[in-house]
Amino acid sequence: MQRHNPHKILIGITGASGMLFLRSFLQCLAETEVTVHGVCSSSGENVLKMEQGLTPQQLPLVSKWYDVDDLAASPASGSSDYTSMVVLPCTMGSLASIAGGMSINLIHRAADVMLKERKRLVLAVRETPLNRTHLLNMLAVHDAGATLCPTMPSYYLKPTTLEEAAKTYAWRLADQLGIDIPNRRRW
């Protein structure tokens, strides 16, 4: 008997700093029965290599990769069966493209599809300080139905390493997607 998987997630990886959060999130998802597919921009590949020493294919749990320039791939269609999408980390350029409805690449198009189909889209934005354009773009995607979840770990559980801090963020991100992480600690 084939089992129904309630969560099929698309991860979009862009070139912002913060790949530690991506790795932690995928490690947390490995404790669940979630299906994860991915799209990585060329800048995302560069930053992932620089910060984590990894290629996208070396990331845990991602069972299928799409080419960022393939606008004919299934995530570009409203008939795809993804329940949610996370852009982690999300550059301000990707935020601007999504806010403007510009399908420059598959990450942007898939995000647009999630919005038009009223599915969960979470953008893990990474920039500081924020300028007025960033804030207006954040408001635009929020009004379109996306959730903004900046890569801000919590400190209630007194993490002692960057990895522990990133895990608190990964748990919060999973909550935004309605995914229960076993043994998740709550404050």
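The values are calculated or read from the model by the stated rules, or taken from the named source; none is laboratory data. Everything numeric here is computed off the predicted structure, so don't read it as measured data. As a convention, Cβ positions derive from the backbone with ideal geometry for all residues, glycine included, and neighbour counts pool all protein chains shown.
Suppose we filter R23, R3 for residues that are over 19 Å from N105 (Cβ atoms) and at pLDDT 95 or above; which single one remains?
R23
To keep it simple, each residue is scored yes or no on (1) crowded, with 19+ Cβ neighbours inside 10 Å; (2) modelled with pLDDT of 95 or more; (3) not in a strand (DSSP E or B).
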position	(1), (2), (3)
S94	yes, yes, yes
S97	yes, yes, yes
G101	no, yes, yes
H108	yes, yes, yes
A124	yes, yes, no
L130	no, yes, yes
T133	no, yes, yes
L136	no, yes, yes
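Show the residue pairs meeting these rules: Cβ distance below 7 Å; 6+ apart or different chains; first residue within segment 128-155 and closer than 13 Å to V86 by Cα and in contact (Cβ under 8 Å) with a residue 12 or more places away in the chain; second residue surrounded by 17 or more Cβ atoms within 10 Å (Cβ to Cβ) and among the aromatic types (F, W, Y).
T151/F21; T151/Y169
Let me spell it out: the conditions are (1) in a loop (DSSP other than H, G, I, E, B); (2) of a type outside the set (V, I, T); (3) surrounded by 13 or more Cβ atoms within 10 Å (Cβ to Cβ), and A72 meets all of them except one. Which number is the exception?
Status for A72: all satisfied but (3).
Can you tell me which residue is surrounded by the fewest Cβ atoms within 10 Å (Cβ to Cβ) among those in segment 75-92 that are part of a loop (DSSP other than H, G, I, E, B) and in contact with a strand residue (DSSP E or B) (Cβ under 7 Å, 6 or more places away or on another chain)? Before the answer, list the steps.
As a first pass, look at segment 75-92 and keep what is part of a loop (DSSP other than H, G, I, E, B): 77-83, 91.
In the following step, the residues that additionally are in contact with a strand residue (DSSP E or B) (Cβ under 7 Å, 6 or more places away or on another chain) were identified as 81-83.
Numbers: D81: 9, Y82: 19, T83: 18.
Applying the filter and picking the extreme gives D81.
Just name the residue that is nearest to A76 (Cα to Cα) out of those in segment 138-163 that are among the β-branched types (V, I, T) and surrounded by 12 or more Cβ atoms within 10 Å (Cβ to Cβ). Reasoning before the result, please.
First pass over segment 138-163, keeping only residues among the β-branched types (V, I, T): 141, 147, 151, 160-161.
After this cut, where a residue has to be surrounded by 12 or more Cβ atoms within 10 Å (Cβ to Cβ) as well, the list is 141, 147, 151.
Details: V141: 18, T147: 20, T151: 26 Å.
Per the stated criteria, the residue is V141.
Among the numbered criteria (1) outside any loop (DSSP other than H, G, I, E, B); (2) crowded, with 18+ Cβ neighbours inside 10 Å, which single criterion is violated by K64?
Condition (2) is where K64 drops out.
Being farther than 22 Å from I9 by Cβ and free of Cβ contacts under 8 Å to residues at least 40 places away in the same chain is the filter here; which residues of segment 160-184 pass it? First the steps, then the outcome.
Restricting attention to segment 160-184, the residues satisfying the condition of being farther than 22 Å from I9 by Cβ are 160-162, 164-165.
Residues satisfying the conditions are T160, T161, E164, A165.
Cβ contacts < 9 Å: first residue exposed (fewer than 14 other Cβ atoms within 10 Å of the Cβ), restricted to segment 1-14; second residue modelled with pLDDT of 95 or more and in a strand (DSSP E or B), any location; separation 6+ or different chain. Result?
Correct list of pairs: N5/T35.
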